[in-house]
């Protein structure tokens, strides 16, 4: 305890102890910001990555690349051995591909709720669990009250909520700290020497770094899930 604390003052003693507890807890916590899996995208975000305890939206057309980006972010968030929860009522999650991209399936929990009400309840519970590093779900119908509930749940535990949603939801109210619009780009035809990897353009709708570029072109390695920048745009505007 600091020598500046007046031992005759209960208030100062309590404040000093509380500060020590906060320091100890901070030392045990994983870093507050995790990578998206792409340095180019990280450089364009306000926090230089995704902040734990927040919601992130990936808005795209079906098959537009949003799921790959969400899985890549989940792999980064769970790198310390924590669990990943996948809400998978429609079967969007493909375990073999996820494993190839570095997702530890032994620490992945698949949830297939029977109803939307069950799904919202399961999302809330998963985001509140301190042993969960990230939660992925595919869901479009979130009202403002539900969105706020999920945001508070993520803040409680420090989990990262990764929401893959339709591009049609872009104009709807959102409590996500980061919103990314993912747009597929044409790819070159495969050759005898190389396969054709998918390319996307990511527009940062919310959570971008002030004064920086708000978009980046990325290419997926279909076998490993690795991301690389293709347009070589500078991070600054």
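All of the numbers you see were taken from the coordinates with simple rules; none came from a lab. This is a predicted model, so every value here is computed, not measured. Using ideal geometry, Cβ is built from the backbone for each residue, glycine included, and neighbour counts are taken over all protein chains shown.
Quick one: if the Förster radius is 22 Å, what FRET efficiency do residue 201 and residue 39 give, using the C-beta to C-beta distance and rounding to 0.05?
Details: r = 17 Å, r/R0 = 0.77.
Calculated value: 0.85.
Give me 165, 145 ranked fewest to most by other Cβ atoms within 10 Å of their Cβ, as a rough exposure proxy. Intermediate values should be presented prior to the final figure.
On the way: 165 22, 145 9.
Fewest to most other Cβ atoms nearby, the residues stand as 145, 165.
Which order do the peptides 119-132, 102-115, 208-221 take when ranked by the mean count of other beta-carbon atoms within 10 Å per residue, highest first? Don't jump to the answer; show the numbers that get you there.
Numbers: 119-132: 18.4, 102-115: 14.3, 208-221: 16.8.
Output ranking for 119-132, 102-115, 208-221: 119-132, 208-221, 102-115.
Taking 7 Å along the Cα-to-C-beta vector as the label spot, tell me the residue 92-residue 224 distance in nanometres, rounded to one decimal.
In this crude label model, residue 92 to residue 224 measures out at 2.6 nm.
Given R₀ = 41 Å, what would the calculated FRET efficiency be for residue 130 paired with residue 61, taking r from the Cβ atoms and rounding to 0.05? Before the final figure, lay out the partial values.
Details: r = 35 Å, r/R0 = 0.85.
Calculated value: 0.70.
Gain in length, residue 145 to residue 48, computed as 0.36 nm per residue apart minus the alpha-carbon separation, to one decimal in nm? Intermediate results must be reported in sequence, preceding the final value.
On the way: separation 97, 0.36 × 97 = 34.92 nm, distance 2.86 nm.
Separation in residues times 0.36 nm, less the Cα-Cα distance, equals 32.1 nm.
Sort region 44-89 into rounded, prolate or oblate with this rule: let a ≥ b ≥ c be the square roots of the eigenvalues of the Cα gyration tensor; rounded if a/c is under 1.5, and if a/c is not under 1.5, prolate when a/b is larger than b/c, oblate otherwise.
Oblate is the answer for region 44-89, as a/c is 1.5 or above yet b/c matches or exceeds a/b.
Would region 34-156 count as rounded, prolate or oblate if I go by the C-alpha gyration tensor, calling it rounded below 1.5 in a/c and otherwise prolate when a/b exceeds b/c, oblate otherwise? Working shown, then result.
On the way: a/c = 1.33, a/b = 1.17, b/c = 1.14.
Rounded shape, in that the Cα axes give a/c under 1.5.
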